[in-house]
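Novice: Before we start, here is the structure in question, set down as structure tokens.
Taken together, the values in this text are just the output of simple stated rules run on the coordinates, not laboratory data. As the structure is a prediction and not an experimental result, all values here were calculated from the model. Because the Cβ atoms are built from the backbone with ideal geometry, glycine has one as well, and the counts that use them run over all protein chains shown.
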Amino acid sequence: MRTDLLTDPVDGLDEALAAVDAFDRVLVAGLLRPQPAQAAGLAALAHFVAGTPLASLVPEAADKAAAGAAGEDHLVALAAARTALMGSVHDALTDRVADVTGRPRAERSTRDTPADAPGANVLAAARAWLCDLARAGWQGIDHELVAGAGPVVSAMLPDPRLRRQATLLDGFAAELAASCPGATLEHVPVRRWADLWTRALLLTLPGAARTPAADTVTGRLLPLGVDVQEHATAVQAQVHAVLEPSDGSAPRLVRAAVSAPKPDTVVGAGLWQLLRPRMSLLGAVGEGRAVELDAMPVTAEGDLVWDDERARTGEFADPFATARVILSTATDPETAPLDRHPVGIAVPVLVEGYTAEREDDGPLTFTVAGHRLAVDTARVPAASPLSPETVAASGACLGLLRWDAGEFVLQPLAVETTVRKKTVAVHAGAWAGGTTDKVGARAEKAATDSVAVLRERAGKLLRK
Amino acid sequence: MELADGRLQGVVSSGSDIGRVYVSSIAAESYAFACSTNNNRPCGGARGTFCNHIRALVGEAVLQYGAERVARYLKAETPGGEPDAEALVSVMTGTRPEQGDASAAAPVFSRFLRHLAYLELEPTTAPLPEMQWFPATRTAA
Ligand SMILES: [Zn+2]
């Protein structure tokens, strides 16, 4: 791994992000009565997409918005421009990551699938709500406005095809609600909320959230580790793995995700319990086993759309062995055009031969061949044996390379440490399938009890 | 449970009946308190002072957010040292707070019900790329 390249400047990055920031500041005060500074921010965004297919739409949208007269189509055009900018940042960063890992990139499959556009009405309602948000601005939000997302989310959630939109809106609205009223807000997460607003708005367009599983794969799946993402009312566990196709073609990196909406009181081990029954892979990962796939559906982005019927748990397979032997030859998947955003960069890497350093309560860093790499230990899920202390004492780390707040960081998925002269591996997802660990088992028991109470309560309160 | 809108508010279980919950709240600064059942009946225990549900709410909030953050939000200064739930309750009840208005209970309860219904939704295995914006955080859980 060429860790030296991680800290080299990326050409054009600062300029692109400056245009993004200029637009993002516009959303702080909102577009109801735009000020001259906001007009300048809109112009900066429009300027950046001149010479792209958006060149005709965006300047007009910027003008209308600067005059306080932006309609939905104009706001969508501005969101598209911001998405294109972030897409270019994403591409520059993933090119850099490819230089760092030296791995080949998968060819993008361009197979077309029939368009499927469910939920037109509820998506229109979501779009209207998001446009109202943009007009109010983050400083103009209040409970009444934010609560408008509630019925939209409730209408979307039962349809699995609208889960992406519903889950994003739900998490976004909860964050906004916790910050109401906006008028007294001291700190606005400007980039983050603009990110969420932009993606949410684009996902209301027909076909935007389409991730068709156009192909299938057969072969041996060798898990590397599990990444967990959660907000108060949703959780997703994503397994990163190397697939060895049985047709002898090159190994490729794939992911398999399982997600669920949840009450905010389901946390920790309760998250594994919620997800486990839907994906046998979590059990296999917990046991450190490979899985044999037979015609498992897969998207062009390398996401397996998991079906337990097409999977059979196989032999033991040490993720570190997989990482040392096969990872460097595996192809990295492509990203869907609209999903190109730096936040989506999560590239499996193996890092060895580092010195771990921590200054007082500061962040942990690995120094590899003289270059420092920040380590994000906070992303490890709560119900996990992988503690920051274990990471700090490790000698090898299997993790996800991410880009956060202007720098590359390493999210540990597993580490090797030496205990009584023996090498042992500790995995972030070790408890995904359950555990016999004393602390873990206690957490499992507590979570089982609390979910049982919730289900009983749901039975009584919801059907009154 | 949440610290929002100038209040600590949340849903507290009834000790005796699993089909009953209370929506309890304490306002910042004035400590005006309110407690009512899911059927919108005022809580019998919340006359004159904090009922057990409101005390339980403070206890839960201290567990979730830490005593210091709760104290800061409610503007409750405990004399000397680290605050805890008991000290917070005693400081607030010591000011003889008024009974507050329970009109915020309805939206809190309806949100609680909405989230409870999430348990009945099926997990999916189609990827949700947007969840990348919501990393797990070891500290928050
Ligand atoms: Zn009460």
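Novice: Straight-line reach from A:Lys460: which aspartates and glutamates fall under 20 Å, measuring Cα to Cα and dropping same-chain residues less than 8 apart?
Specialist: Partners found: A:Asp264, A:Asp449, B:Asp17, B:Glu120, B:Glu122.
Novice: If you don't mind, there's one more thing I want to ask. At A:Thr367 and A:Glu287, where each label point lies 7 Å from the Cα along Cα→Cβ, what is the point-to-point distance in nanometres?
Specialist: That separation, rounded to one decimal, is 4.4 nm.
Novice: When the Cα centres of the range B:43-85 and the range A:147-202 are compared, how far apart do they sit, in Å?
Specialist: Rounded to whole Å, the Cα centres lie 29 Å apart.
Novice: In addition: Give the peptides A:341-352, B:39-50 in descending order of average Cβ contacts within 10 Å, highest first.
Specialist: A:341-352, B:39-50
Novice: Any lysines with Cα under 28 Å of the A:Lys421 Cα? List them, leaving off those in the same chain fewer than 8 positions away.
Specialist: A:Lys438
Novice: Now a separate question. Calculate, for A:Glu352 and A:Asp404, the FRET efficiency according to 1/(1 + (r/R0)^6) with r their C-beta to C-beta distance and R0 22 Å; round to the nearest 0.05.
Specialist: Numbers: r = 22 Å, r/R0 = 1.01.
Efficiency, rounded to the nearest 0.05: 0.50.
Novice: A further question follows. Enumerate the residues in the range B:103-117 having an amide nitrogen under 16 Å from the point lying 7 Å beyond the Cα of A:Ser154 toward its Cβ.
Specialist: Answer for this model: B:105-117.
Novice: Can you tell me the relative contact order of chain A? Whole percent, Cα pairs under 8 Å, sequence separation 6 or more.
Specialist: 14 percent
Novice: Additional query: Taking each residue in A:229-240, count the Cβ atoms of any other chain within 10 Å of its Cβ, then average. What number comes out? Don't jump to the answer; show the numbers that get you there.
Specialist: Details: counts 9, 7, 6, 4, 4, 5, 5, 10, 3, 5, 0, 0.
Averaged over the peptide's residues, the number is 5.
Novice: Then there's this: Across peptide A:157-169, what mean number of C-beta atoms from other chains lies inside 10 Å of a residue's C-beta?
Specialist: Mean partner-chain Cβ count within 10 Å for A:157-169: 4.
Novice: Put +1 on the Cβ of each Lys and Arg and -1 on the Cβ of each Asp and Glu in the protein assembly as shown; which of A:Ser394, A:Leu145, A:Ala295 then has its Cα farthest toward the positive end of the dipole?
Specialist: Final value for the positive-end residue is A:Leu145.
Novice: With the crude spin-label approximation of a point 7 Å out along Cα→Cβ, what separation in nm comes out for A:His143 versus B:Leu121?
Specialist: Result for the modelled spin labels: 2.3 nm.
Novice: How long are the three semi-axes of the equivalent ellipsoid of the protein assembly as shown, in whole Å, if each is the root of 5 times an eigenvalue of the C-alpha gyration tensor, listed from largest down? It would help to have the intermediate numbers written out before the result.
Specialist: Numbers: eigenvalues 302, 204, 119 Å².
After diagonalising the Cα gyration tensor, the semi-axes are 39, 32, 24 Å.
Novice: Further question: Can you order the peptides A:11-22, A:271-282 by their average number of other Cβ atoms within 10 Å per residue, highest first?
Specialist: The peptides rank, most packed first, as A:271-282, A:11-22.
Novice: Follow-up question, since we're still on this one. Inside 10 Å of the C-beta atoms of B:100-109, what's the mean count of C-beta atoms belonging to other chains? Let's see the in-between values first.
Specialist: Working: counts 0, 0, 0, 0, 1, 0, 0, 5, 0, 1.
Per residue, the number of nearby Cβ atoms from other chains is 1 on average.
Novice: Please name whichever of B:Asn40, A:Ala173, A:Gly41 sits farthest to the positive end of the charge dipole of the protein assembly as shown, dipole taken about the Cα centre and charges placed at Cβ: Lys and Arg +1, Asp and Glu -1.
Specialist: It is B:Asn40.
Novice: So how strong a dipole does chain A carry about its Cα centre when Lys and Arg Cβ are +1 and Asp and Glu Cβ are -1, to the nearest 20 debye? Before the final figure, lay out each step's value.
Specialist: Details: 45 positive and 58 negative charges, 250 e Å.
Taking the Cα centre of chain A as origin, the dipole is about 1200 debye.
Novice: How large is ³J(HN,Hα) for each residue in the range B:82-92, as worked out from phi by the Karplus curve 6.51 cos²θ - 1.76 cosθ + 1.60 (θ = phi - 60°), to whole Hz, x for Gly and Pro?
Specialist: 5, x, 9, 4, 5, 4, 4, 4, 5, 5, 6
Novice: I'd like to verify something in chain A: which complete DSSP H helices, judged by Cα projection on the helix axis, reach 20 Å or more and average at least 0.5 on the Kyte-Doolittle scale?
Specialist: Those that pass (Cα extent of 20 Å or more, hydropathy at least 0.5) are A:13-29, A:120-136.
Novice: Among B:94-104, A:70-80, A:311-321, B:124-134, how do they line up from the highest to the lowest mean number of other beta-carbon atoms within 10 Å?
Specialist: B:124-134, A:70-80, A:311-321, B:94-104
Novice: Follow-up. Please flag any cysteine in the protein assembly as shown that has no other cysteine's Cβ under 4.7 angstrom from its own Cβ.
Specialist: So far as the 4.7 Å Cβ criterion goes, A:Cys131, A:Cys180, A:Cys397, B:Cys51 stand without a partner in the protein assembly as shown.
Novice: Sorted from largest down, what three extents in whole angstroms do the Cα atoms of the range B:1-95 have along their principal axes?
Specialist: 39, 26, 24
Novice: Under a point spin-label approximation (7 Å from Cα along Cα-to-Cβ), what is the B:Arg72-B:Thr137 distance to one decimal in nm?
Specialist: Label-label distance for B:Arg72 and B:Thr137, simple model: 1.3 nm.
Novice: Nearest 10 degrees is fine. How inclined is helix B:105-116 to the longest principal axis of chain B, computing both from alpha carbons?
Specialist: Taking the Cα atoms of chain B, the angle to B:105-116 is about 30 degrees.
Novice: Also, quick follow-up: Would you grab the residues whose amide H sits under 5 Å from the one on A:Leu31? Only those 5+ places off in sequence or on another chain, please, with H modelled 1.01 Å from N.
Specialist: Excluding prolines and chain starts, which carry no amide H, the hits are A:Arg135, A:Ala136, A:Gly137.
Novice: I would also like to ask the following. What 222 nm value per residue comes from the helices of chain A, counting each DSSP H run with n ≥ 4 as -39,500 (n - 2.57) and dividing by all residues, nearest 500 deg cm²/dmol?
Specialist: Helix-only estimate at 222 nm: -12000 deg cm²/dmol.
Novice: Name the aspartates and glutamates eligible as straight-distance cross-link partners of A:Lys445: C-alpha to C-alpha under 16 Å, and not fewer than 8 places from it in the same chain.
Specialist: Counting by Cα, and skipping residues close in sequence, A:Lys445 has these aspartates and glutamates nearby: A:Asp437.
Novice: Figure the gain on full extension for A:Ile326 and A:Leu185 (residue separation times 0.36 nm, minus the Cα-Cα span) and round it to one decimal in nm.
Specialist: Between A:Ile326 and A:Leu185, full extension yields 45.8 nm more.
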